[in-house]
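Nothing in this text is a laboratory measurement; each read-out follows from the coordinates by a stated rule. Small disclaimer: the values here were computed from a predicted structure and weren't measured. Ideal geometry is used to build each Cβ from the backbone, glycine not excepted, and the neighbour counts take in all protein chains shown.
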Amino acid sequence: MKQLEELERFRDAYDLVKERLRVSIVCALTGVTPHFVKSMWQDVHGELSKRGQLPTSVHVFIKDPSTAAHLSGFVAYCKSKHPDLRSAIAARPLLDAIREYRWLSGTDIDITTAYYAVRDVAANIVEWRYCRGCDVNHLYSIRRYSMRGCPFCRLTVTKKAA
Ligand SMILES: [Zn+2]
């Protein structure tokens with residue numbers, strides 16, 4: 001049994017690397033060593049994995065309402081599958097959710113960014129706020145201008161103005 005579990009961890013790491021999830025997160029989610037994940041990355045992508053510090057939160061990635069809307073959609077999808085969002089923060093649930101959400105939404109959402117969005121909502125680093133206008137929840141944070149309002153409302157306004 002132990003060997004099967006090992007195999008599964010390596011298969012998860014391989015799939016996460018293929019999706020280009022940052023190495024240290026792959027290690028944290030699978031327990032596979034950084035050394036191994038890095039060499040896996042080189043084999044899969046033919047280049048060295050990205051170095052440098054990881055961002056501290058999802059704020060860094062959200063520069064416009066469109067990204068905020070896509071990530072809010074992804075978190076909502078994860079919440080529908082995992083009412084306790086913490087259980088979505090594991091290798092297989094994350095991989096499944098990202099593939100399904102891409103297929104359903106037709107958007108190419110980045111896995112590292114998506115991981116941060118789910119993790120930060122689960123950890124209350126960003127707020128999961130309800131918008132009465134749209135009748136949906138969205139990522140909300142006072143810390144970043146592009147996260148201070150409902151991204152769906154903003155996109156609707158932009159569309160009307162255009
Ligand atoms: Zn709204």
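So, in the chain, how many Lys pairs have Cα atoms under 19 Å apart, if the pair is 8 or more places apart or on different chains?
Values: Lys18/Lys38; Lys18/Lys50; Lys38/Lys50; Lys63/Lys159.
Lysine pairs, 8 or more places apart or on different chains, close enough: 4.
Quick check: convex hull over the Cα atoms of the range 110-162, volume per residue in Å³, rounded to an integer?
93
Let me know the volume per residue of the alpha-carbon convex hull for the range 58-161, in Å³.
97
How would you rank 127-136, 35-44, highest first, on the average number of other Cβ atoms within 10 Å across their residues? Write out the running numbers ahead of the final one.
On the way: 127-136: 13.2, 35-44: 15.6.
Most protected by this proxy first, the peptides run 35-44, 127-136.
Would you mind working out the magnitude of the charge dipole of the chain relative to its Cα centre, with +1 at each Lys and Arg C-beta and -1 at each Asp and Glu C-beta, to the nearest 20 Debye?
620
Could you please state, rounded to a whole Å, how far the C-alpha centre of the range 112-162 is from the C-alpha centre of the range 39-92?
15
Could you state the per residue volume, in Å³, of the convex hull enclosing the Cα atoms of the range 1-77?
Convex hull volume per residue, Cα atoms: 122 Å³.
Pairs of alpha-carbon atoms within less than 8 angstrom and 6+ residues apart define the contacts here; what relative contact order does the range 17-162 have, in percent?
24
Could you please tell me the mean projected area of the C-alpha convex hull for the range 2-45, averaged over all directions and given in square nanometres to one decimal?
2.7
Scan the range 1-71 for GluC sites (Glu not before Pro) in coil per DSSP, keeping those whose Cβ has at most 10 other Cβ atoms within 10 Å, and list them by number.
Passing sites in the range 1-71 are Glu47.
Could you list His138, His70 so that the one with the fewest beta carbons within 10 Å of its beta carbon is first and the one with the most is last?
His70, His138
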